[in-house]
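Everything on this sheet refers to the single structure shown next.
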Amino acid sequence: MKFKALIFVVSIITVSFFSGCRSRQVTARDNDRWLAHDMNRPRPMVITPGKTPSDPPSNAVVLFDGTDLSKWVSGKGEPAKWIVKNGYMQANRTGDVRTRKSFGNCQLHIEWASPEIVEGNSQDRGNSGVYFMSRYEVQVLDSYKNDTYPDGQAAAIYGRKPPLVNACKPPGQWQSYDIIFHRPVFKDGKVVKDATFTILHNGVLAQDHFKSPGGTSWINEHKVSDYKLHPDKLPLLLQDHGCPVRYRNIWLIELSD
Ligand code: MG
């Protein structure tokens, strides 16, 4: 009896051991390198969030805090000439401005306001743009009761994808974009991973991990640019489309690939 009991216990232990191994292998594969609930897993970096979700957290690069354009240059690399006053910068027909530093994947917070005095319509009303890597445009436009082609309205990926909703505030009011951008990845000169955009416009989802099949530069009435090989990091650019659009509180968190 004692021997049979011993065999039984050994069998239970053996079965438990191997079934345990099986489940551990599956879990390890599913989690890439780590087991579920693995205490050896590296901890996320501890950061201090902003006072409100609009304020920069401790891991952000502040690009414009309302005081000066020291982090920005003109399209030609000269000092930026946009107006700075009352905590905002404003386009003034002196050309686009871009950051001195280059960025790839990132989370961007930016606030903008279209002109209080409404002039023009469609693409000629409060037009500007946030260009990731100086080339992928998230449209800035006064889209409050202003009809235009949908892939050219505010929070559109220009020429590629209309926003899910029109969350525009009336002209003159401050609005926010919170954008998660992933750069396109090139291999041997060809794109192997499309750029992606997730956008909250005034806190509302406007782009849901949209994979852009190409660039956003105007080619002709019904065509925008294809992808063209470029470096992994390039400056962020704000468009001067001739409309006095204002920007404030711009910060960014760099993300890994
Ligand atoms: Mg534009």
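Tell me, please, whether a residue that is surrounded by fewer than 20 Cβ atoms within 10 Å (Cβ to Cβ), among the aliphatic types (A, V, I, L, M) and assigned by TED's automatic domain parsing to the domain that holds residue 202 can be found in the range 120-142. For the range 120-142, residues surrounded by fewer than 20 Cβ atoms within 10 Å (Cβ to Cβ), among the aliphatic types (A, V, I, L, M) and assigned by TED's automatic domain parsing to the domain that holds residue 202: absent. Based on this model, can you work out whether residue 213 counts as exposed (fewer than 15 other Cβ atoms within 10 Å of the Cβ), more than 27 Å from residue 57 (Cα to Cα) and touching a residue at least 40 places away in the same chain (Cβ under 8 Å)? When the stated conditions are applied, residue 213 passes them. Residues in the range 97-109: is at least one of a type in the set (Ser, Thr, Tyr), more than 16 Å from the ligand (Cβ to nearest atom), in the same structural domain as residue 213 (by TED's automatic domain parsing) and touching a Lys or Arg at 6+ places or on another chain (Cβ under 9 Å)? Yes, because at least one residue in the range 97-109 is of a type in the set (Ser, Thr, Tyr), more than 16 Å from the ligand (Cβ to nearest atom), in the same structural domain as residue 213 (by TED's automatic domain parsing) and touching a Lys or Arg at 6+ places or on another chain (Cβ under 9 Å). Quick check on this structure: which one of 143, 176, 134 is out of contact with any strand residue (DSSP E or B) (no Cβ under 9 Å at 6 or more places or on another chain) and either assigned to a strand (DSSP E or B) or closer than 28 Å to residue 53 by Cβ (or both)? After applying the criteria, what remains is 143. Residues that are part of a loop (DSSP other than H, G, I, E, B) and closer than 25 Å to residue 85 by Cα within the range 38-63 comprise 50, 51, 52, 53, 54, 55, 56, 57, 60, listed in sequence order.
When we screen 160, 98 for residues that are touching a residue at least 24 places away in the same chain (Cβ under 8 Å), over 14 Å from residue 235 (Cα atoms), among the basic types (Lys, Arg) and buried (at least 19 other Cβ atoms within 10 Å of the Cβ), the only hit is 160.
Yes/no matrix, rows are residues, columns are (1) closer than 16 Å to residue 137 by Cα; (2) more than 16 Å from the ligand (Cβ to nearest atom); (3) among the hydroxyl-bearing types (Ser, Thr, Tyr); (4) outside the structural domain of residue 139 (by TED's automatic domain parsing):
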site: 177; (1), (2), (3), (4): yes, no, yes, no
site: 180; (1), (2), (3), (4): yes, yes, no, no
site: 188; (1), (2), (3), (4): no, yes, no, no
site: 193; (1), (2), (3), (4): no, yes, no, no
site: 196; (1), (2), (3), (4): yes, yes, yes, no
site: 207; (1), (2), (3), (4): yes, no, no, no
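For the range 64-77, the count of residues that are in a loop (DSSP other than H, G, I, E, B), within 14 Å of the ligand (Cβ to nearest atom) and under 30 Å from residue 223 (Cβ atoms) is zero.
The values are calculated or read from the model by the stated rules, or taken from the named source; none is laboratory data. Computed from a predicted structure; not experimentally measured. Because the Cβ atoms are built from the backbone with ideal geometry, glycine has one as well, and the counts that use them run over all protein chains shown.
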